[in-house]
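Here's the structure, in structure tokens; my notes come after.
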Amino acid sequence: MEQIFSQIIQRDPGQKEFHQAVQEVMESVRPVLERNPEYRRQAVLERIAEPERVLMFRVPWMDDQGQVHVNRGFRVEMNSAIGPYKGGLRFHPSVNLSIIKFLAFEQVFKNSLTTLQMGGGKGGSDFNPKGRTDAEVMRFCQSFMAELARHIGPNTDVPAGDIGVGAREIGYLFGMYKKLRNEFTGVLTGKSLDWGGSLIRPEATGYGVVFFAAEMLAHVGQTLEGKTCLVSGSGNVAQYTAEKILQLGGRVVTFSDSSGYVFDEDGVDREKLEFVKQLKNIRRGRIHEYCDRYPQAIFTEADPELGYNQLWTHKADCAMPCATQNEINERDAGNLVRSGVSLISEGANMPSTPAAAEVFLQEGVLYGPGKAANAGGVAVSGLEMAQNSMRLSWPREEVEGRLKQIMKSIHTTCVDAAAEYGLDGNYVAGANIAGFVKVVNAMLDQGLV
Ligand code: NDP
Ligand code: 2IT
């Protein structure tokens, strides 16, 4: 196994996020390979860690002043053993091939856990939508889709949103796809309700994060009622994580963005949450503006020199990281445990470094890794695809009911898979093993392709 991993590193040196994601899965599935010598003969690890296809392309676009810019576009089609490639698009200046490959790799196992028929993929661009006008974002999306349209389709590859890609971007991307292909199909998910979107898709990731947390708590005879939660991020996932925490009787005391975080000791109530939604989604403002409106809250500027994030030092019972990868390091993990946090449910993809995850496992924290805890978003994307195929829309209650059921099933699957290998309570091992076995068996059924 060490040899396979070092080959993966040698083949793509410098792809540190991708290596991090692969290493975690490889460590988890070691006992599975020991039990199944056929998996070794079939080189399943080498196959699953190599994307089926990697697309990289130039995205030229013009700003409102007539200046031309060039960004890089990506789509990594990682694995189609159990369904069409499925996964979001991320627009953020930090995007590079390593980040898109790690996200696509995680997506394969996450989608496998959802019980639905979806393979794994991810895409995006190093385009920074911050401070850009709607017209500039539209031209960028059109240029991005001018290339991507050749490679995707409702039965081939179905992108959706992620960081920097929400309803506005999905609209512009869909419009261009429709024009180029002259067909109205469910080629993207996260569409607006009026033209093929699913109820609950905007809420799904955050709601799912909290359903997963509630399942982990129920497993040890507890509920979220009265529990104080630290939430990071203030985008789509953070907002609906907070909303469901409030609905289930918990308290939310933090939000953040890349500039810093707000701490509201009185708790974020429904009105304050509505303010955050307006601030981030409509006015596209910064989270420190929360303190202009609610002066009792405290804003702390992000300080990368500090070596830890002060957000994770507040006294709480639960933490839901919903911003980005590696936002919790080993020191943060130690701080969380010392602040009384005994449950982590990851809204972001890979928000905890390997050393932080190790702290949670060692300390017996209920630790729900992203590929299990945040699978509700892509699960409802799968339900959006199902509704599009039938040309029907299900009511809110039906979609939310199915989402809740799927999160429950993911929880049970993780618990059972971990127990099968004597790793009771280890959701990381459970999620990786269960996600892996299903995809690998499908790959083997379909031969060497
Ligand atoms: P949004 O773009 O809506 O929000 C992202 C939030 O995270 C913003 O508050 C943003 O702050 C913050 N953020 C992003 N990058 C950084 C960074 N490098 N450092 C600090 N803060 C950062 O994205 P989503 O809410 O959709 O995504 C959040 C996380 O959830 C991501 O990890 C994504 O992969 C994951 N996820 C999303 C799903 C979905 O359905 N949308 C599904 C499953 C997982 P700022 O405004 O300053 O950039
Ligand atoms: O990371 C993720 O699961 C997403 N960004 C959602 C993907 C999707 O296809 O809905």
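Here's how it looks for LYS86: its modeled amide H is under 5 Å from those of GLY119, GLY120, GLY121, VAL158, which are all 5 or more places away or on a different chain. Couplings for segment 403-408, taken from phi via the Karplus curve 6.51 cos²θ - 1.76 cosθ + 1.60 with θ = phi - 60°, read 4, 4, 5, 5, 5, 5 Hz in order; Gly and Pro are left as x. Over segment 222-296, Cα pairs under 8 Å with separation of 6+ residues give a relative contact order of 28 percent.
Sort the chain into rounded, prolate or oblate with this rule: let a ≥ b ≥ c be the square roots of the eigenvalues of the Cα gyration tensor; rounded if a/c is under 1.5, and if a/c is not under 1.5, prolate when a/b is larger than b/c, oblate otherwise. It comes out rounded by the Cα gyration axes. Counting only the Cα atoms, segment 228-329 fills a convex hull of 92 Å³ per residue. Helical content of the chain, expressed as a calculated mean residue ellipticity at 222 nm, amounts to -15000 deg cm²/dmol (DSSP H runs of 4 or more residues, -39,500 (n - 2.57) each, divided by residue number, nearest 500).
Each Lys and Arg contributes +1 and each Asp and Glu -1, all at the Cβ; summed about the Cα centre of the chain, the dipole is approximately 1240 debye.
Counting only protein heavy atoms and a probe of 1.4 Å, the accessible surface of the chain is 49% carbon and sulfur. Accessible surface comparison of MET26, MET1, probe 1.4 Å, protein chains only, largest first: the order is MET1, MET26. Only beta bridges with both residues in the chain are counted; by DSSP, about 60 percent of them are antiparallel. Counting only DSSP beta bridges whose two residues both lie in segment 229-359, roughly 55 percent are antiparallel. Estimated from the Cβ-Cβ distance and a Förster radius of 51 angstrom, the FRET efficiency linking GLN278 and ASP416 is about 0.75. Accessible surface ranking for THR114, THR353, 1.4 angstrom probe, highest first: THR353, THR114. A 1.4 Å probe over all protein chains sorts HIS151, HIS411 by accessible area into HIS151, HIS411, starting with the largest.
The values are calculated or read from the model by the stated rules, or taken from the named source; none is laboratory data. Fair warning: this is a prediction, and the values are worked out from it, not measured in the lab. All Cβ positions, glycine included, derive from the backbone under ideal geometry; neighbour counts span all protein chains shown. We work out accessible area using only protein heavy atoms, side chains counted, and drop any ligands, DNA or RNA first. Shrake-Rupley method; radii C 1.70, N 1.55, O 1.52, S 1.80 Å.
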